[in-house]
Structure formats: C-alpha cells, structure tokens
Amino acid sequence: MRPRSRGRAWRTLTGALLGAALVVLSPLAVPVASAAGTTASGPLVRGVSGARFGVHTPIRVVSFSGPSYTLAVGLANHAVDGTLERPSAMCRTTPGCVAAVNGDFFDVTPRGAIDPGDVVGGIIQDCVLLHTPQISHQEVNLDQHTVSQGLNWSSTLTVNGASVAITAVNQELPMRYPGVDLPLAGTLLYTSAYYIATPWAPGWTTYRFAQVDPGASPTTLNSTASLQFVGALAHATHVTPGEVVVVAPPGSPLGALAPGATAALATTSNAGCDVLGGHPILLENGTPVRVSRTDTYMWQRFPRTVLGWTSSGSTVLMTVGGTDQRAGATAGQLIRILQSLDVVTAIDLDGGQSTSMFANGRVVYHPGRVERPVATALLVLQAPAAPATA
C-alpha cells in the first residue's frame with residue numbers, strides 16, 4: 001500500500017452480458033487470449049466512456065457471470081520482500097488465467113532495509129489464512145461476493161495446557177510508512193507460505209516449530225495443526241518449508257518449552273476461502289457507503305481499480321486511468337459510474353501508479369511508463385473444459 005500511489009477505480013457491466021462471457025472493455029471488442037496465448041471464444045475487451053460523470057480518462061472493464069470464470073488471489077511468488085511481480089506476470093504464470101488487475105494496498109521499504117514490503121489487508125487463499133490485516137482494513141469475499149469492514153479470524157497455540165493467542169499471522173511488524181507506525185504487539189506467527197522475515201525486538205524470542213504433517217498448511221481455516229518445538233532464537237529469521245515460527249514477548253508460556261514438546265495450532269474464520277483486502281467499500285447491497293471527508297485520497301482524482309458485482313450476479317473489474325491528484329476519478333464519481341452499470345456491491349482496491357489491467361495477452365492499461373510491481377493481484381481464471389463424453 002503506497003499512499004502516494006493509491007488509486008482505484010470501479011466500473012461495472014450491465015446485466016446485458018451473455019451467459020458466462022468475460023468482458024474487458026476497450027474501444028473494440030476483441031477475444032481475450034488465454035495464458036497459453038490461444039484465443040478464448042467468449043471473453044472480450046472493450047472500453048467505456050465516463051464523460052457524463054466528469055471522468056475523461058480511459059476506463060477498462062472486465063465482467064463475467066456463470067461458472068466459466070472465477071476470481072482468485074495472486075501473490076508475488078509468495079515472496080513479497082524479495083520478488084515483487086507485476087499483475088501481468090502473475091497472470092501469465094498462473095494456469096487458466098485470462099485477465100488480472102492489481103490487488104490490495106501495500107508499502108515497499110527501501111532495498112536493504114530491515115522491514116520488508118507487505119500488503120495491508122487480510123489474505124485467505126484456498127481456505128488458508130496467509131495474512132492478517134495490519135491496520136483497520138476492509139475485506140472482500142471473492143466466493144460469496146460480499147464485503148466486510150474487517151477480517152474475522154482467530155488463531156490459538158496450545159502448549160503444555162496453556163493457550164497462547166495469536167495476534168498476527170504472516171504480518172509485517174513493525175510497519176512504518178507515512179502516517180502509520182505500528183510497534184510489535186502480542187504473539188506473532190509466521191509460516192513459509194507467505195515469505196517474509198520475522199520481526200524481532202529486544203527481549204522478544206523467536207520460537208521454531210516443525211509441522212508434524214508438513215504437507216498440510218498450518219493455518220488452514222477451521223482446523224488444528226500439530227507442531228513440534230525445535231528450539232528458540234534471540235533474533236529474526238526467515239521461515240523454511242515445513243516450519244512455523246512464533247515471535248513472542250517476554251513472559252510467554254512458550255518460554256517453558258523443551259525441544260521435542262508438542263503444540264496444537266487452531267485457526268478459525270467465517271470470512272470465506274478466498275479473501276482480499278481493499279479500501280474503502282463503495283457500495284453494499286445497493287446502498288452507497290459514505291466515504292469519510294478525512295480520506296483525502298478518495299476525494300481527489302486518482303487512477304483507480306475496483307471490484308464489484310451487479311444485481312444479476314455478474315462480476316465486474318474496472319480500472320480508471322489518470323494521473324495522481326490531477327486526473328482520474330473521485331469516490332463519488334466511481335459510485336455514480338457503478339450505479340449506472342447496475343453494480344450493487346463494490347470495493348476499491350489499490351490504484352494510483354499501481355493501477356493495471358492485463359487481458360487479451362497484453363497489458364490493457366497502466367498509468368506509468370512501465371507496469372508497476374505489486375504484492376498481490378486479482379486474477380480471472382477460466383474453468384477447465386469438461387471432459388468429452390463418449
């Protein structure tokens with residue numbers, strides 16, 4: 001989440017989309033190429049004018065309905081602090097991906113700095129909790145087509161009969177960028193699925209555990225994972241596959257563990273199996289959501305990226321082009337555009353210079369000289385073809 005570049009845009013398709021057709025808007029409708037470079041028969045690319053809403057920059061839309069396409073969270077090689085990727089690269093390397101936009105806000109620290117770059121909202125991918133929100137942040141359930149003011153989750157480590165509440169999962173702390181400075185707080189848990197360096201502070205201890213079942217994700221929702229204590233460190237570390245690392249403050253019950261001791265990690269959530277952060281919610285069940293006057297980013301013109309759903313259930317991805325603080329769309333303009341296209345639920349994603357849309361085998365839009373690397377992307381995946389029957 002780079003505040004200087006936050007820009008997001010929402011554009012929705014009307015219910016006139018046919019069946020499961022995927023649409024990415026550009027002046028001429030063109031079949032969308034698959035990740036393998038072949039042409040799909042249904043998806044199209046086209047553009048929409050926002051002039052009557054006071055938006056005079058390029059607007060691109062992807063929309064689909066039915067089971068032929070689904071949304072998925074894309075991660076930058078699960079290595080946010082070492083190999084940031086562009087949305088186009090995430091799509092090209094994901095089987096079945098036909099389109100992509102940038103995802104959640106994120107911050108990027110300078111090369112060589114102790115703190116890695118990281119996303120801000122929560123991430124759940126394939127029913128595995130990969131990341132908990134760093135600050136108060138809205139979320140979107142990609143499967144249920146709903147939005148929420150926060151991520152509902154709970155994770156507890158039980159050792160020697162004592163319960164240790166987890167306050168963050170795979171979350172960068174301390175996190176520092178303009179206007180935000182969060183110190184270490186509570187007990188922090190890290191897994192190799194989301195690769196960042198564990199933080200550390202004087203007096204804190206890094207506890208290393210091996211997964212008893214290394215093939216299972218330790219933070220799978222609504223399940224309990226068995227762990228075995230390996231040892232403790234007095235410094236930060238990266239997490240290796242098959243390992244869970246817990247960073248705890250002084251006085252934690254973990255301090256009494258001996259190598260070989262067992263622990264149980266229970267993770268619960270009703271948020272859904274595929275969840276991504278965003279800010280702010282623009283529409284919910286047909287009602288515009290008031291955007292605070294203090295959110296100057298949303299009251300100014302910026303490039304935008306938006307995700308939403310129409311009253312008929314079509315999924316809509318939209319980018320609005322522009323230049324930070326000079327051209328693009330405000331929150332009010334986004335909401336009016338969405339309403340005109342029958343979108344009833346919508347959330348703003350990252351934007352500004354991060355705004356990007358990939359489709360048709362190429363980058364359809366980005367506002368800078370080159371497409372900017374991001375921590376997460378929102379991918380459109382084409383369902384595998386049904387096997388032919390005899």
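Readers should treat all values here as calculations from the given coordinates under stated rules, not as data from a laboratory. The model shown is predicted, which means the values in this text are computed figures rather than measured ones. FYI the Cβ positions are ideal-geometry reconstructions off the backbone, even for glycines, and counts take in every protein chain you see.
Return the FRET efficiency for the residue pair N152, R290: r is the Cβ-Cβ distance, R0 is 30 Å, and the value is rounded to the nearest 0.05. Intermediate values should be presented prior to the final figure.
Working: r = 23 Å, r/R0 = 0.75.
Once the sixth-power term is evaluated, E becomes 0.85.
Placing a pseudo-label 7 Å from each Cα along the Cα-to-Cβ vector at N77 and S312 gives an inter-label distance of 4.2 nm.
Find, to one decimal place in angstroms, the Kirkwood hydrodynamic radius of the range 154-268, where the mean of 1/r is taken over every pair of different Cα atoms and then inverted. Show your work: numbers first, answer last.
Values: mean 1/r = 0.0708 Å⁻¹.
Roughly 14.1 Å, rounded to one decimal.
Annotation: amide H-H contacts under 5 Å for I135 (H modelled 1.01 Å from N, sequence separation of 5 or more, or interchain): none. Summing charges over neighbours of V147, with a neighbour being any other residue whose Cβ is under 9 Å away from its Cβ, gives -2 when K and R count +1 and D and E count -1.
Could you give the length gained by full extension between S226 and L182, i.e. 0.36 nm per residue of separation minus their alpha carbon distance, to one decimal place?
On the way: separation 44, 0.36 × 44 = 15.84 nm, distance 3.08 nm.
Separation in residues times 0.36 nm, less the Cα-Cα distance, equals 12.8 nm.
Between H56 and A210, the simple spin-label model (points 7 angstrom out along Cα→Cβ) gives 6.7 nm. The ranking of I281, I337 from fewest to most other beta carbons within 10 Å of each one's beta carbon is I281, I337. The stretch between I135 and N270 holds 46.6 nm of extra length on full extension. This uses 0.36 nm per residue minus the Cα-Cα distance.
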